[in-house]
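Comments concern the structure below.
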Amino acid sequence: MLPAIPTKYFIALIGLTISTFVFNTSEFMPIALLIDISSSFSMTPSETGIMITVYAWMVALLSLPLMLLASRMNLKRLFLLTIGIFAAGQFLAGIATSFPMLMGARIVVACAHSIFWAIVAPIGTMLVTRAHKPFALGIIASGSSIAMILGLPIGRVIGLAAGWRMTFLLIAGIAVLLLIFLAIVLPSLGSSASISVRELPGLIRQPPVFLTYLITVLFATGYYTTYSYIEPFLKTVAAFSADGITDTLIFFGCCGLLGSALFSHLYDRHRKGVLTGGLIAMLAALSTWYFDAQSAVLILAACVLMGITATLFNVALQAELMRLVPAGATTIVMAIFSGIFNLGIGSGSFIGGRVSSAGLLSCVGFAGAALVVLALFVLLKFYFPHICTQKNFVKNHK
C-alpha cells in the first residue's frame with residue numbers, strides 16, 4: 001500500500017481539482033446553453049456554435065506562445081494570475097450585450113485556458129511522489145467529470161431560470177473565491193521549464209511524442225464532432241424533454257468520474273489496454289449514435305461509453321506525454337497538448353456544425369466515428385511499435 005499524501009499537499013490537490021471543475025464548467029457551458037444563447041441573439045444553434053469553435057481555436061493558437069512567454073514564472077504566481085484573468089473574462093461574458101462582445105469575452109477566457117491546462121497537471125504531479133502521480137492526475141481529472149455531473153447541469157438550470165448571463169457571472173464569483181483559496185493552500189513552486197525554444201522541435205519530432213499528438217487531435221475532433229451538438233441532438237433527434245437533457249448530462253458526467261477512477265487504477269499496469277480499449281469503446285459509442293436515438297436506454301448506454309472513455313483516454317494521453325519527456329519539458333509539452341486538443345475541439349464543433357446545417361444532425365455520430373477510426377489505426381499501426389523499439393528514449397524517461 002502506498003504511503004498517504006501529506007495533508008497540506010492533498011488539500012492543494014483538492015484546490016487544483018476544484019479549479020478543473022470551474023474551468024471545465026466554463027469551457028463547455030455554451031454547449032449546455034446553446035439554444036438559450038442563440039435565442040437571445042436571434043441566431044440558430046449552428047450559427048452560435050461558432051463560438052465554441054473560435055474559443056477552441058484561440059486556445060490552440062495561444063497555448064504554446066503564451067506558455068513560452070510565461071515558462072520562467074513561478075508556477076504558483078502564474079497559476080493565480082491565470083485564474084484572475086479567467087474571472088475577468090467570465091464577468092465580461094456575463095455583461096455581454098451582443099454576440100461579438102460575448103465572443104471577445106470568451107477569447108479573454110481562452111487566454112487563461114491556454115495557460116491553465118498546460119500547468120495544472122504538471123503542478124499536480126509536482127505535489128506528490130512518482131508512485132502517486134496516476135492518483136494525482138486522476139483526482140485532478142475528476143474535477144472535469146464533476147463539472148459534467150454538477151457544473152454543466154446546474155449552469156443549465158440557472159441559465160434557463162435566470163438567463164445564461166447569470167451563469168457566467170456566477171462562475172466569475174466562484175473563480176474569485178477560488179483564487180483566494182489557492183493563494184493560501186498552494187505551496188510555493190519554481191518554474192518547471194528547462195527546455196529552450198531551439199530544443200523544442202527535436203523533442204516534438206520524437207516519434208512517440210509526435211504520434212501522441214496526432215492521436216490526440218484525431219480523437220478530440222471525432223469526439224467533439226458529436227458531443228458539441230449533444231443538446232440539439234437529444235432535443236431534436238431523440239425527442240428528449242428539457243429535464244431529460246439535463247438528467248442525461250448529469251449521467252454523462254457520472255460516467256466521466258468513473259473514467260477518472262479507472263485511469264488511476266489501471267494505467268500503470270495496463271497502459272496498452274487503457275489506450276486501445278478506450279478508442280474501441282469510443283468508436284462503438286459514436287458509430288451507433290444514430291441508431292441509439294430510437295431508444296432512451298440505448299442513448300444512456302452510449303453515454304456510458306462516451307463518458308467513461310472521454311475522461312479515461314484524455315488523461316491517459318497526458319500521462320503518456322509526461323512519461324515520455326524530461327521533467328523540465330512538461331509544461332511546454334502540455335501546452336502543445338492543450339493547443340492540439342483544442343484544435344480538435346474546434347475542428348469537431350466546426351464539422352458537427354456543418355453536418356447539422358446540412359440537415360444531417362442525426363448523423364454526427366458517423367462523422368465523429370470516422371475520425372476515431374483513424375486514431376485507432378495510428379495507435380495500433382505506428383504508436384505501439386515506436387514506443388517499443390525506441391528503447392533508449394523510453395528508458396530515459398520512465
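The values are calculated or read from the model by the stated rules, or taken from the named source; none is laboratory data. Everything quoted here is computed from the prediction, not taken from an experiment. Please note: Cβ atoms are built from the backbone with ideal geometry, for glycine as well, and neighbour counts cover all protein chains shown. With ligands, DNA and RNA removed, areas are computed over all heavy atoms of the protein, side chains included. Shrake-Rupley method; radii C 1.70, N 1.55, O 1.52, S 1.80 Å.
Looking only at Cα atoms, what is the convex hull volume of the range 52-94 per residue, in Å³?
Values: hull volume 2.9 nm³, N = 43.
Dividing the Cα hull volume of the range 52-94 by its residue count gives 68 Å³.
Below 26 Å Cα-Cα, how many Lys pairs turn up in the chain? Only count pairs eight or more apart in sequence, or on different chains, if you could.
14
Need one word for the range 2-54: rounded, prolate or oblate. Basis is the Cα gyration tensor (sqrt eigenvalues a ≥ b ≥ c); a/c below 1.5 gives rounded, then a/b vs b/c decides. Could you put the intermediate results ahead of the total?
On the way: a/c = 5.67, a/b = 4.42, b/c = 1.28.
Since a/c reaches 1.5 and a/b is larger than b/c, the shape of the range 2-54 is classed as prolate.
Assuming R0 = 22 Å, what is the FRET efficiency of Leu150 and Ala239, from their Cβ-Cβ distance, to the nearest 0.05? Numbers along the way, then the final one.
Numbers: r = 26 Å, r/R0 = 1.17.
Efficiency computed from Cβ-Cβ geometry: 0.30.
So if each residue of separation counts as 0.36 nm, and I subtract the Cα-Cα distance between Leu68 and Ala296, what length gain in nm does that give? Don't jump to the answer; show the numbers that get you there.
Numbers: separation 228, 0.36 × 228 = 82.08 nm, distance 4.69 nm.
Stretched fully, the Leu68-Ala296 segment lengthens by 77.4 nm.
For the ranges 357-365, 112-120, what's the packing order if you count other beta-carbon atoms within 10 Å of each residue, average per peptide, and put the highest first? Spell out each step's value before the answer.
Values: 357-365: 16.8, 112-120: 26.0.
The peptides rank, most packed first, as 112-120, 357-365.
I need the trypsin sites (Lys or Arg not before Pro) found in the range 195-281, filtered to DSSP loop residues with at most 16 other beta carbons within 10 Å of theirs.
Values: sites: Arg198, Arg205, Lys235, Arg269, Arg271, Lys272; in loops: Arg198, Arg205, Arg269.
Passing both the DSSP loop test and the Cβ count: Arg198, Arg205, Arg269.
Could you please state how large a percent of the accessible area of the range 255-338 is carbon and sulfur, counting protein chains only and using a 1.4 Å probe?
Details: 2020 of 2840 Å².
The computed percentage sits at 71.
Between Ser39 and Arg354, what FRET efficiency comes out of the Förster formula 1/(1 + (r/R0)^6) with R0 = 25 Å and r the beta carbon distance, rounded to 0.05?
Values: r = 22 Å, r/R0 = 0.87.
Here the calculated transfer efficiency is 0.70.
Can you tell me the accessible area per residue over the chain, all protein chains present, probe 1.4 angstrom, in square angstrom?
On the way: 15310 Å² over 398 residues.
Per-residue value: 38 Å².
Between Ala161 and Lys272, what's the calculated FRET efficiency when r is the beta-carbon distance and R0 is 45 Å? Round to 0.05. Mind dumping the intermediate values first?
Working: r = 47 Å, r/R0 = 1.04.
It comes to 0.45.
Find, to one decimal place in angstroms, the Kirkwood hydrodynamic radius of the range 189-274, where the mean of 1/r is taken over every pair of different Cα atoms and then inverted. Don't skip to the end; give the middle numbers.
Numbers: mean 1/r = 0.0593 Å⁻¹.
Radius from the Kirkwood sum: 16.9 Å.
Across the chain, what fraction of all alpha-carbon pairs, as a whole percent, falls in each successive 10 Å bin from zero upward?
5, 24, 36, 25, 9, 1
With helices defined as uninterrupted DSSP H runs, which ones in the chain have an alpha carbon span along their own long axis of at least 30 Å and mean Kyte-Doolittle hydropathy of at least 0.5?
On the way: long enough: 7-32 (36 Å, 1.07); 99-126 (40 Å, 1.54); 164-185 (32 Å, 2.53); 242-266 (36 Å, 1.21); 296-324 (42 Å, 1.77); 330-357 (39 Å, 1.11).
Helices meeting the span and hydropathy rule in the chain are 7-32, 99-126, 164-185, 242-266, 296-324, 330-357.
Taking the Cα centroid of the range 119-177 and of the range 252-297, what is the distance between the two, rounded to the nearest whole Å?
20 Å
Mind giving me the nanometre distance, one decimal, between the label points for Phe181 and Ser98, set 7 Å out from Cα along Cα→Cβ?
Using points 7 Å along Cα→Cβ, the separation is 3.7 nm.
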